[in-house]
Amino acid sequence: MRIALTILAVAALASVPLWLRDPYLLNSLITTGIFVIGAMSLNLLLGFTGQLSLGHIAFFGIGAYVSALTSLGFDVGLPGGFRLVHAPWPPIVGFVLAIIIAGLCGYFVGLLSFRVRGAYFVIVTISFAEVVRLVALNWVELTQGPLALTNIPSIGLPLPGVGELTLRTKLQNYYLVLVVALIAYLLIARLVRSHFGRAMRGLMENETLAVSVGIDVTKTLTLAAVISAAIAGAAGSLYAHYIRIIDPEVFAFINTVTMVIMVISGGKGSLAGPVVGGLIFGLLPVALRPVMAPEAQWIAYGGVLIAILFVLPRGIVPSLAQRFRRSRSGTTALAPVALAETAVKERA
Amino acid sequence: MTARSVAMTIEQVAVRFGGLVAISDMSFTVGEGEIVSLIGPNGAGKTTAFNVMTGFLEPSAGRVTYRDTALNGLKPHQIADLGLIRTFQRTSVFPNDTVYDNLLIGLHRQGRVRLLDAILGLPGARASERKLRQRASELIEWVGLERRAHDAAGSLSYGEQRLVGVALALAAEPSMLLLDEPVSGMNASETHRFVELIRDIRDRGITILLVEHDMPMVMTVSDRIVVLNYGRIIAEGTPDVIRNDPAVIEAYLGHGAARA
């Protein structure tokens with residue numbers, strides 16, 4: 001049932017470029033897809049460990065800058081008269097480095113804040129994003145500051161024997177984003193269904209009890225932060241090589257808020273939630289553009305979010321899933337053992 | 001006392017919260033495979049003693065040793081790794097998960113696989129998952145909650161949640177189990193069934209330390225009883241000794257009863 005739905009959704013998404021010829025809409029879908037990956041990574045923390053990262057865009061932006069700088073090269077002065085010179089590398093290396101460095105940042109932020117958690121984690125992540133934004137803005141020699149990094153090369157896939165396939169067209173980038181999103185989705189799905197995911201859920205629901213059965217709080221939460229940050233970094237790298245220009249505005253707080261809205265409306269703690277919420281709020285601007293000024297659009301987003309949470313308080317996906325289950329149960333009375341077996345199969 | 005080997009030693013433990021003395025100079029031992037009860041009036045320091053033994057609270061003085069390992073300074077999850085597992089006085093389940101998933105979370109210590117194996121779904125991780133599921137079903141059957149296996153633990157009755165709590169503790173494969181008022185809020189038949197469970201746990205070779213107010217239950221199940229009052233141990237011995245100890249009677253019923 002669940003597998004059939006997933007295959008159907010993937011097939012639908014993969015077929016989009018076949019019938020959608022409008023380049024503007026395709027472009028919106030690509031950027032939305034990139035933000036959906038960011039929202040999925042945020043959901044790993046917010047939905048599965050209960051920790052709200054209000055600076056999540058920092059990991060996204062770090063991924064974007066790392067990837068851009070790796071592929072553009074740089075030449076910066078360091079204290080003591082040294083110079084750090086880096087010749088351009090292929091963007092695909094930048095993509096990998098973006099994942100690694102964003103993950104490392106997640107590790108340090110996690111290590112710092114998970115000793116105390118909750119509100120402290122929120123504050124540490126907000127501050128972290130702001131500090132990174134200021135660095136990007138003021139270290140002009142490295143980042144060009146507000147002048148932005150321009151002419152970032154498109155990502156290329158190394159094909160053994162053939163050479164390199166540079167992904168320049170929207171069509172190519174659409175499939176690239178789709179594939180990365182699928183990998184991120186599968187990775188998060190596997191993770192939260194494994195015993196690591198159960199440790200995360202246990203900590204979220206009843207920390208004292210979780211600790212008493214041997215779950216290591218700091219280790220579990222830091223692991224979630226690393227993987228979440230690494231996925232956000234991958235999304236950032238895709239963004240940099242697709243848009244091909246980035247400036248410190250990428251670290252704006254509003255971008256984090258957008259991701260949080262995507263997660264909350266779609267349903268935190270559900271795998272498909274950020275995808276559904278992300279598609280709605282990513283494509284809403286496209287739908288509203290002909291009828292509303294950008295300022296009025298923000299008000300409309302607020303209205304839509306409130307409407308969604310009013311009707312489906314736990315977010316779209318979990319609320320609908322619950323209704324579906326309720327309408328189905330009562331018609332079949334399975335023996336407990338059979339129930340256990342189906343549950344096992346559903347999870348596998 | 002019999003000459004069995006000692007599992008846990010509590011030596012001169014004291015806990016002070018500012019000026020309040022919760023425990024002053026508590027020393028006793030628990031033998032391997034023994035069922036020992038810690039009793040005393042409300043506020044005597046029983047739960048505080050539990051918190052010290054399981055690393056949720058650092059004692060102001062003294063030390064706790066479990067199977068030759070000093071517990072001072074260890075974190076709760078590290079103590080759990082030594083096989084010392086506790087239950088809690090209040091509701092102690094993961095309320096939004098099903099009973100079955102509760103036990104899978106509880107089986108954390110058995111399910112450790114490498115991250116990459118879990119993500120890639122390698123055979124090792126799969127085999128481990130199968131084993132956990134099997135074990136979770138066994139534990140549910142053992143506490144008799146098969147019919148509730150796929151209900152959210154938070155929707156269960158109080159007594160049923162207690163059973164889940166014990167199954168959870170057992171899922172962590174303890175070598176010693178600390179039960180904090182496990183039968184409070186249970187009716188007579190539930191309590192009776194619980195006593196059977198405790199004996200069953202002991203027969204699996206697990207040492208048990210019990211904090212409980214239900215005196216008939218304590219007297220039935222315990223090998224030995226330690227009585228606390230105002231943070232001090234006022235008596236220690238077999239149920240028969242404790243039942244007739246004047247200090248204990250006084251602590252529970254006051255002076256008049258002791259003279260009567």
Under a Gaussian network model of chain B whose springs join Cα atoms within less than 10 Å, the largest fluctuation of B:THR207, B:THR54, B:THR29 belongs to B:THR29
Cα centroid separation, region A:1-69 to region A:86-114 (Å): 19
Going Cα to Cα from A:LYS219, which aspartates and glutamates come in below 18 Å? Please leave out same-chain ones fewer than 8 positions away. A:GLU205, A:GLU207, B:ASP81, B:ASP117
Alpha carbon centroid spacing (whole Å) that separates region A:283-317 from region B:69-116: 42
Among A:183-194, A:36-47, what's the highest-first ranking by average C-beta atoms within 10 angstrom per residue? A:36-47, A:183-194
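Between beta-carbons, use under 12 Å as the cut-off and find the net charge around A:PHE114, counting Lys and Arg +1, Asp and Glu -1. Walk me through the numbers on the way to the answer.
Values: positive: A:ARG115, A:ARG117, A:LYS219; negative: A:GLU207, A:ASP216.
Cβ neighbours under 12 Å give a net charge of +1.
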Can you give the average number of partner chain beta-carbon atoms within 10 Å of each beta-carbon in peptide B:180-187, as a whole number? 0
Each label point is 7 Å from the Cα along the Cα-to-Cβ direction; what then is the distance between the points at B:THR9 and A:ARG83, in nm? 6.9
Work out the FRET efficiency for A:LEU8 and B:TRP142 from their Cβ-Cβ distance, taking R0 = 51 Å, and round it to the nearest 0.05. 0.80
Using the Cα gyration tensor of chain B, the equivalent ellipsoid's semi-axes, largest first and to the nearest Å, work out to 34, 22, 16
Treating the Cα atoms of region A:172-259 as identical point scatterers in vacuum, please give the log10 of the normalised Debye intensity I(q)/I(0) at q = 0.10, 0.12, 0.22, 0.25 Å⁻¹, two decimals. -0.37, -0.52, -1.08, -1.21
Inter-chain shielding metric for B:112-124, i.e. average beta-carbon neighbours from other chains within 10 angstrom, reads 3
Chain B: antiparallel DSSP beta bridges as a percent of all, rounded to 5: 55
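Could you calculate the FRET efficiency of A:ARG325 with A:VAL116 from 1/(1 + (r/R0)^6), where r is the beta carbon distance between them and R0 is 41 Å, rounded to 0.05?
Numbers: r = 37 Å, r/R0 = 0.91.
Working from the Cβ atoms, E equals 0.65.
Return the Rg/Rh value of region B:94-155, two decimal places, where both radii are evaluated on C-alpha atoms and Rh is the Kirkwood radius. Mind showing how you got there, number by number?
Details: Rg = 12.6 Å, Rh = 12.2 Å.
Reported Rg/Rh, Kirkwood definition of Rh: 1.03.
Please grab the % of Cα pairs in chain A that end up more than 32 Å from each other.
Values: 20348 of 60378 pairs.
So the portion of pairs separated by more than 32 Å is 34 percent.
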Taking only Cα atoms and a 10 Å spring cutoff, compute GNM fluctuations for chain B and point out the largest among B:GLU181, B:GLU141, B:GLU212. B:GLU141
Within 10 Å of each Cβ in A:214-227, the average number of Cβ atoms from other chains: 3
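For the protein assembly as shown, give me the percentage of DSSP beta bridges that are antiparallel, rounded to the nearest 5 percent.
Taking every DSSP beta bridge with both residues in the protein assembly as shown, the antiparallel ones total about 65 percent.
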Rg and Dmax of region A:1-153, Cα atoms only, in Å: 18.9, 64
Reference-scaled alpha-carbon Rg (2.2 N^0.38 Å with N residues) for the protein assembly as shown: 1.16
Mind listing the long-range amide H neighbours of B:THR238? Cut-off is under 5 Å, sequence gap 5 or more, other chains count too, H placed in the peptide plane at 1.01 Å from N. B:ILE225
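We did not get these values from a lab; they are worked out from the coordinates using the rules stated. Just so we're clear, the structure is a prediction, and the values are computed from it rather than from any experiment. Ideal geometry is used to build each Cβ from the backbone, glycine not excepted, and the neighbour counts take in all protein chains shown.
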